[in-house]
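One structure, pasted below without further comment.
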Amino acid sequence: MGEDGGSRSLPEHFTVPPPWVPFPSYIVFHPFEANKAFDIVENASGVSDSFRFGCVLKNTDAVFVRSCNEFEGEWFELLKNVV
């Protein structure tokens with residue numbers, strides 16, 4: 001999300017934690033990673049990996065996370081609140 005809580009639509013929006021993460025976090029993309037994610041590169045099929053990934057997320061009913069509450073408890077709490 002951008003500074004106003006809207007969509008995160010530019011690469012630089014992903015180099016800082018989003019405003020909806022209520023605790024300190026250093027989990028962000030490096031600028032070159034954020035820029036790469038916004039590259040629209042089509043492969044031999046003519047469909048970009050970004051489009052494929054978006055379709056998967058859009059049509060997903062469940063997401064399973066392999067971790068434990070002792071290591072990532074605050075992230076699990078956040079996940080419960082954003083879904």
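Counting pairs of alpha carbon atoms under 8 Å apart in space and at least six apart in sequence, what relative contact order in percent does the chain give? All intermediate terms of the calculation are to be shown ahead of the outcome.
Values: 50 pairs, mean separation 15.3, N = 83.
This gives 18 percent for the chain.
Considering the dipole of the range 11-80 built from charges on the beta carbon (Lys and Arg +1, Asp and Glu -1) around the Cα centre, which of Gly73, Val63, Trp20 is farthest to its positive end?
Projecting each Cα onto the dipole axis, the largest value belongs to Val63.
Right, something else. Under a Cβ-only charge scheme (Lys and Arg +1, Asp and Glu -1), can you give me the dipole magnitude of the range 11-80 about the Cα centre, in debye to the nearest 20?
160
So which GluC sites (Glu not before Pro) in the range 1-81 pass both tests, a DSSP loop state and at most 15 other Cβ atoms within 10 Å of the Cβ? Before the final figure, lay out the partial values.
Details: sites: Glu3, Glu12, Glu33, Glu42, Glu70, Glu72, Glu74, Glu77; in loops: Glu3.
Here the sparse-neighbourhood loop sites are Glu3.
May I ask you to compute the full-extension gain from Val28 to Ala62, defined as 0.36 nm times their residue separation minus their alpha-carbon distance, rounded to one decimal in nm? Don't skip to the end; give the middle numbers.
On the way: separation 34, 0.36 × 34 = 12.24 nm, distance 2.39 nm.
Between Val28 and Ala62, full extension yields an extra 9.8 nm.
If you average 1/r over all unlike Cα pairs in the chain and invert the result, what Kirkwood radius do you get in angstrom?
Evaluated over the chain, this radius sits at 15.0 Å.
Leaving ligands, DNA and RNA out of it, report the carbon-plus-sulfur percent of the accessible area of the range 11-80 at a 1.4 Å probe. If you can, show how the numbers build up before the last one.
Details: 3710 of 6010 Å².
C and S fraction of accessible area: 62 percent.
Tell me the trypsin sites (Lys or Arg not before Pro) within the range 13-83 that lie in a loop according to DSSP and have at most 11 other beta-carbon atoms within 10 Å. Let's see the in-between values first.
Details: sites: Lys36, Arg52, Lys58, Arg66, Lys80; in loops: Arg66.
Hits after loop and neighbour filter: Arg66.
Report the residue, chosen from Phe38, Phe51, Phe64, that carries the largest GNM mean-square fluctuation when the chain is represented by alpha-carbon nodes joined by springs under 10 Å.
Of Phe38, Phe51, Phe64, the Gaussian network model singles out Phe64 as fluctuating most.
For the chain, set up a GNM with springs between Cα atoms under 10 Å and report which of Val16, Val47, Val63 has the largest fluctuation.
Val63
Additional query: Which of Asp61, Asp39, Asp49 moves the most in a Gaussian network model of the chain with Cα springs under 10 Å?
In this elastic network of the chain, the residue with the biggest mean-square fluctuation among Asp61, Asp39, Asp49 is Asp61.
The values are calculated or read from the model by the stated rules, or taken from the named source; none is laboratory data. Please read all numbers here as calculations on a predicted model, not as lab measurements. A quick note on method: Cβ atoms are made from the backbone with ideal geometry, for glycine too, and the neighbour counts reach across all protein chains shown. Accessible surface is based on the protein model in full, side chains and every heavy atom, while ligands, DNA and RNA are left aside. Shrake-Rupley method; radii C 1.70, N 1.55, O 1.52, S 1.80 Å.
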